Amino acid sequence: MKRWVSEIAEVIGARVIGDDRIEVSGVASISRAAAGNLVFVQKEKDLNLALKSRASAVIAGTFAEQAKTTKVLLIASNPRLAFALAAKLLRDQNQHPLGVHPTASVHSSVTLGHDVSIGARATVEESAKIGNSTWIGAGCVIGPGAEIGEDCEIYPNVTIYSGTKLGNHVIVHAGTVLGSDGFGYVRDPASGRHEKFPQIGKLEIEDDVEIGANTTIDRGALEVTRIGRGTKIDNLVHIGHNCQIGENVIIAAQAGFSGSIVMEDNVVIGGQVGVGEHACIQEGVMVGAQSGVLPKKILRGKGIAFWGTPARPLRGYLRDLAVLARLGKKG
Amino acid sequence: MKRWVSEIAEVIGARVIGDDRIEVSGVASISRAAAGNLVFVQKEKDLNLALKSRASAVIAGTFAEQAKTTKVLLIASNPRLAFALAAKLLRDQNQHPLGVHPTASVHSSVTLGHDVSIGARATVEESAKIGNSTWIGAGCVIGPGAEIGEDCEIYPNVTIYSGTKLGNHVIVHAGTVLGSDGFGYVRDPASGRHEKFPQIGKLEIEDDVEIGANTTIDRGALEVTRIGRGTKIDNLVHIGHNCQIGENVIIAAQAGFSGSIVMEDNVVIGGQVGVGEHACIQEGVMVGAQSGVLPKKILRGKGIAFWGTPARPLRGYLRDLAVLARLGKKG
Amino acid sequence: MKRWVSEIAEVIGARVIGDDRIEVSGVASISRAAAGNLVFVQKEKDLNLALKSRASAVIAGTFAEQAKTTKVLLIASNPRLAFALAAKLLRDQNQHPLGVHPTASVHSSVTLGHDVSIGARATVEESAKIGNSTWIGAGCVIGPGAEIGEDCEIYPNVTIYSGTKLGNHVIVHAGTVLGSDGFGYVRDPASGRHEKFPQIGKLEIEDDVEIGANTTIDRGALEVTRIGRGTKIDNLVHIGHNCQIGENVIIAAQAGFSGSIVMEDNVVIGGQVGVGEHACIQEGVMVGAQSGVLPKKILRGKGIAFWGTPARPLRGYLRDLAVLARLGKKG
């Protein structure tokens with residue numbers, strides 16, 4: 001999508017040096033840029049590369065103000081952020097054909113908003129609701145009574161169980177499963193059998209959440225599993241029943257959460273982290289990759305990094321590693 | 001589904017205090033209960049909350065026998081287990097429309113039992129067999145010659161490879177893959193290439209197994225991978241070729257098993273556990289979350305918990321952690 | 001598929017003892033072999049079992065040269081490798097019906113090679129290309145502009161995002177997602193929101209790669225994620241954006257790679273390994289199961305095994321474990 005540089009600069013809060021009446025049509029990396037592309041430079045040492053590239057315009061920090069160049073410069077306090085915002089503006093709209101694909105299976109009781117796109121062989125079951133401008137990819141299965149908000153993108157082969165609710169501007173990548181039964185059983189000592197504890201709660205996902213590919217999020221057992229507004233979840237993550245995930249949380253790939261975990265706003269979880277049931281990770285805590293948080297444990301301290309299994313503040317974790325290394329050399 | 005309290009009490013082995021001729025129509029948590037619901041209280045301290053709720057009937061322990069209340073009480077030795085059994089009884093039957101959905105693709109050679117439900121856009125390939133009262137969800141692909149028993153629930157977008165056998169009352173959640181090729185190659189030193197070792201065995205899953213979402217279980221290389229009766233497997237679990245998993249085993253999310261592992265009955269595996277090839281985990285052993293079991297290792301001892309990588313009895317693991325902490329403080 | 005023993009022996013480089021004009025029709029394990037099957041013995045102690053089996057022919061090492069038997073022997077320097085090559089030769093061809101299944105949805109702009117098989121309810125979107133003799137399983141979704149080479153096997157319910165390229169002889173197991181968006185955001189300090197960094201690069205997969213079930217490989221952010229020729233990837237693996245994976249790499253189940261990792265040729269990665277962003281694992285390094293490689297770390301040394309978190313050469317890891325055990329006994 002083409003945009004005037006002046007228009008972009010206004011949205012991203014940048015100051016233009018050069019001709020702001022040129023148009024750009026997409027973002028690129030410096031090495032792959034073509035004429036008409038917009039690129040960015042976060043560090044001064046990369047500026048020359050950007051100026052020598054084929055790009056038409058360059059987002060850069062104040063370090064670029066004195067640069068001698070024929071390229072149009074957009075000076076921003078955080079070039080990387082400015083680039084992300086510009087990319088959003090330049091993104092092609094309406095990539096998906098509007099309407100219901102003839103091979104899709106949409107129950108007659110479904111409520112569809114306007115400008116909806118339902119892909120080939122998607123299934124939308126009884127009483128589900130799909131909001132305005134939402135895309136349901138090919139092969140998705142949207143269960144009975146599920147509600148999906150406006151402007152969502154549901155990539156192919158996603159399964160959404162009955163009654164699950166998604167807010168607006170939610171992105172779900174391919175193969176992900178939302179609202180599946182939690183893992184709860186009661187052992188019958190007489191028979192040795194594990195009897196299924198009812199998994200009849202709900203899953204609610206708030207606005208602006210993005211969820212990666214082949215991730216699984218379970219519905220509540222009797223209550224609600226909730227993913228807060230603006231939270232971003234990577235691929236192959238597991239979130240168990242009854243978890244309460246706050247807003248703007250970051251969860252990297254293959255992390256796994258047992259049941260009934262509370263995670264407050266702005267938490268950051270590294271890849272392959274495991275969290276035991278009923279643990280509470282308080283606002284702004286960071287948990288390093290592969291760490292393990294014990295059941296019922298409370299981690300607190302905005303900006304504090306925890307590491308290791310069982311997870312402890314980074315300082316203690318590094319001390320333990322150093323002790324081991326020292327002893328090893330002695331021994 | 002509505003049931004008399006008297007009927008429920010009989011099935012779950014509870015003693016009724018109050019009017020056993022009222023009907024209840026579903027289970028709920030105490031906080032979300034409505035009139036007509038059945039709730040449970042495991043601990044005496046929560047009894048008052050339950051008695052103040054909107055629920056019509058309460059399953060509780062003997063501690064509730066003297067309670068002054070207008071609610072109907074069902075006194076059980078294990079209220080949680082009684083509640084799970086009651087929920088099963090109250091569960092709605094026949095949620096899925098019987099018959100083959102017009103958009104499903106069922107090969108003419110397929111054997112279908114009675115009261116089968118095949119969802120939209122499901123594919124059932126040559127010579128497969130689907131037992132009585134089994135539901136195949138939308139978008140599932142059941143490979144050639146696969147056999148699925150009676151009263152199974154196969155959630156949407158599951159893939160079952162050719163020749164895989166499932167017993168009766170098996171539940172498989174969305175996106176799971178059963179019977180895929182194992183990971184086996186032989187390196188050719190001359191070419192440096194990894195030649196595929198044949199993966200032509202089978203996968204057999206016995207009665208009453210439940211498998212979570214996006215889990216993968218590989219077929220045997222030349223032999224059979226087997227999952228024993230009553231075993232419960234969580235989301236995103238990986239089980240490699242030739243594994244022999246016993247009965248009533250519990251496997252939490254994201255655990256992973258290499259090839260040819262033997263796991264005896266009543267084993268409990270925590271989340272994100274990894275087990276090396278040819279390891280043997282004997283009857284009733286528990287392996288804590290994120291632990292790693294080395295290849296060929298044998299873990300034994302009913303009720304013994306193993307922890308850490310490499311997994312060792314819990315006592316030793318805790319001792320190691322304490323040693324590190326003490327030394328760290330000295331250093 | 002039936003083959004003369006003489007023909008097999010020639011392809012796998014074995015010397016025949018006995019009648020090389022008999023035919024065999026498949027491979028099997030010793031315990032499950034039937035008449036007409038070919039089996040193999042890697043170690044002399046198993047030779048007697050093989051000779052007593054129902055198999056018609058036995059691949060074995062030179063240790064079998066003097067064996068007294070009526071079975072046909074194929075003497076090979078590496079029986080396991082010879083067996084793998086023989087299995088390839090004996091594998092049934094054309095298992096999938098040629099042509100486009102009537103329920104598949106193939107866009108009119110798609111380029112199909114000859115002898116292509118497109119399964120039931122598969123979707124192939126605008127401008128995609130499918131090479132000769134390639135099979136697309138039921139329920140797969142091949143995105144716009146994706147290119148799949150010759151002789152590929154794409155198992156059911158795989159999702160391939162737009163623009164992804166696969167070479168020839170590539171096998172992708174069920175439920176896998178190729179080319180999904182990477183996990184990249186820029187935090188806006190003013191709003192606290194995580195703005196999506198553009199994920200508009202590509203994913204390229206070279207010839208002879210095999211990828212397990214429910215694995216996810218992300219496209220580059222602005223550049224290309226690349227999987228080198230002959231690399232084998234197990235189930236539930238996560239590979240982040242911009243990763244450069246070399247040739248003949250082995251990656252076991254549930255391993256996870258953050259963004260921009262370089263992995264050179266012939267690397268071996270154990271199950272559940274985690275690798276931090278921008279790490280570099282040089283040629284021929286082995287990383288043990290569950291190890292963690294820190295961001296930006298460089299691991300070097302052909303044939304060197306690294307273990308633990310943070311990953312260190314195996315000798316150091318074992319020393320640390322021994323120190324802990326010794327101290328624990330003292331304490």
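No lab work stands behind these numbers, since they all come straight from the coordinates. Just so it is clear, the structure is predicted and the values come from calculations on it, not from any experiment. All Cβ positions, glycine included, derive from the backbone under ideal geometry; neighbour counts span all protein chains shown.
Shielding of peptide A:227-234 by partners, expressed as the average count of other chain Cβ atoms within 10 Å per residue Cβ, is 3. Distance between the 7 Å Cα→Cβ label points at B:R193 and A:D188: 5.5 nm. The residue list C:I59, A:L90, A:L314 was ranked by how far each Cα lies along the charge dipole of the protein assembly as shown toward its positive end, using unit charges on Cβ atoms, and A:L314 comes out on top. Near C:V293: Cβ cut-off under 13 Å, other residues only, Lys/Arg at +1 and Asp/Glu at -1. The net charge is +3.
Amide H to amide H, with H built 1.01 Å from N, A:W307 comes under 5 Å of A:G288, A:R312, A:L314, counting only residues 5 or more places away or on other chains. Note on region B:59-80 and region B:272-331: Cα centroid distance 40 Å, given to the nearest whole angstrom. Taking square-rooted eigenvalues a ≥ b ≥ c of the alpha carbon gyration tensor, is region C:3-90 rounded, prolate or oblate, where a/c under 1.5 means rounded and, failing that, a/b exceeding b/c means prolate? Because its axes are fairly even, with a/c under 1.5, region C:3-90 counts as rounded. Computed about its Cα centre, the charge dipole of region C:3-90 is approximately 300 debye, with only Lys, Arg, Asp and Glu carrying charge at their Cβ. Taking amide hydrogens as placed 1.01 Å from N in the peptide plane, the amide H of C:L166 sits under 5 Å from those of C:E147, C:I148, C:G149, C:I205, each at least 5 positions away in sequence or on another chain. Take each residue of peptide B:185-195, count the partner chain Cβ atoms within 10 Å of its Cβ, and average: the result is 6. Each Lys or Arg adds one and each Asp or Glu takes one away; over the other residues whose Cβ falls under 13 Å from the Cβ of A:I12, this sums to -1.
Separation of region A:98-153 from region A:210-232 is 20 Å, based on Cα centroids. Inter-chain Cβ neighbour count for A:152-158, averaged per residue, equals 6 (cutoff 10 Å, partner chain atoms only). With a threshold of 20 Å on the Cα-Cα distance, the over-threshold entries among A:K196/B:K232; B:K202/C:K88; A:K232/C:K232; B:K202/C:K52; C:K129/C:K196 are A:K232/C:K232; B:K202/C:K52; C:K129/C:K196.
Most tightly packed first, judged by the mean number of other beta-carbon atoms within 10 Å of their residues, the peptides A:16-23, B:309-316 read B:309-316, A:16-23.
Starting from the Cα gyration tensor of region B:223-290, take the square roots of the eigenvalues, sort them a ≥ b ≥ c, and report rounded, prolate or oblate (rounded when a/c is under 1.5, otherwise prolate if a/b is larger than b/c, else oblate). Cα axes put region B:223-290 in the rounded bin. Residues whose amide H lies under 5 Å from that of B:A104, counting only those 5 or more places away or on a different chain, are B:R121, B:A122; hydrogens are built 1.01 Å from N in the peptide plane. Within straight-line reach of B:K2, meaning a Cα separation under 12 Å, sit the following aspartates and glutamates at least 8 residues removed in sequence or on another chain: B:E23, B:D92. Ordering A:G240, A:P102, A:N78 by Cα displacement along the dipole of chain A toward the positive end leaves A:N78 in first place; charges were set at the Cβ atoms of Lys, Arg (+1) and Asp, Glu (-1). In chain C, helical runs assigned H by DSSP with n ≥ 4 each contribute -39500 (n - 2.57); averaged across all residues and rounded to the nearest 500, the mean residue ellipticity at 222 nm is -4000 deg cm²/dmol.
Which Cα, out of B:G284, B:G220, B:C152, lies furthest along the positive dipole direction of region B:100-315 (beta carbon charges, K/R +1, D/E -1)? It is B:G284, whose Cα lies furthest towards the positive end. Of all aspartates and glutamates in the structure, those lying under 18 Å Cα to Cα from C:K302, and not within fewer than 8 positions of it along the same chain, are B:D188, C:E247, C:E264, C:D265, C:E283. With a/c under 1.5 counting as rounded, go ahead and sort the protein assembly as shown into rounded, prolate or oblate using the C-alpha gyration tensor (a ≥ b ≥ c being the square roots of the eigenvalues; past the cut-off, prolate if a/b is larger than b/c, else oblate). Rounded. Of all lysines in the structure, the ones whose alpha carbon falls short of 21 Å from that of A:K45, not counting any fewer than 8 places away in one chain, are A:K68, A:K71, C:K296. Karplus-derived 3J(HN,Hα) values for region C:15-29, using 6.51 cos²θ - 1.76 cosθ + 1.60 with θ = phi - 60°, are 9, 8, 10, x, 7, 8, 9, 8, 9, 10, 10, x, 9, 7, 6 Hz; glycine and proline are entered as x.
Taking the Cα centre of the protein assembly as shown as reference, the dipole from Cβ charges on Lys and Arg (+1) and Asp and Glu (-1) amounts to some 4280 debye.
Remark: region C:178-183, residue by residue, has Karplus-estimated 3J(HN,Hα) of 10, x, 5, 4, x, 9 Hz, where x stands for each Gly or Pro and the curve is 6.51 cos²θ - 1.76 cosθ + 1.60 at θ = phi - 60°. In loop segments of region C:221-280 as defined by DSSP, there are no trypsin sites (Lys or Arg not before Pro) with at most 11 further C-beta atoms inside 10 Å of their C-beta.
For region A:214-270, the set of GluC sites (Glu not before Pro) satisfying both a DSSP loop assignment and a count of at most 15 other C-beta atoms within 10 Å is empty. Put a plus charge on the Cβ of each Lys and Arg, a minus charge on the Cβ of each Asp and Glu, and nothing anywhere else: the dipole of chain C about its Cα centre is then about 1720 debye. Scalar couplings 3J(HN,Hα) for region C:136-146, obtained by applying the Karplus form with A = 6.51, B = -1.76, C = 1.60 to θ = phi - 60°, are 10, x, 4, x, 5, 10, 9, x, x, x, 5 Hz; x denotes Gly and Pro.
For C:E10 and C:N132, what is the calculated FRET efficiency with R₀ set at 35 Å and r taken between the beta-carbons, to the nearest 0.05? E between C:E10 and C:N132, to the nearest 0.05, is 0.85. If the segment from B:K43 to B:K302 were pulled out straight at 0.36 nm per residue, it would be longer than the present Cα-Cα gap by 90.4 nm.
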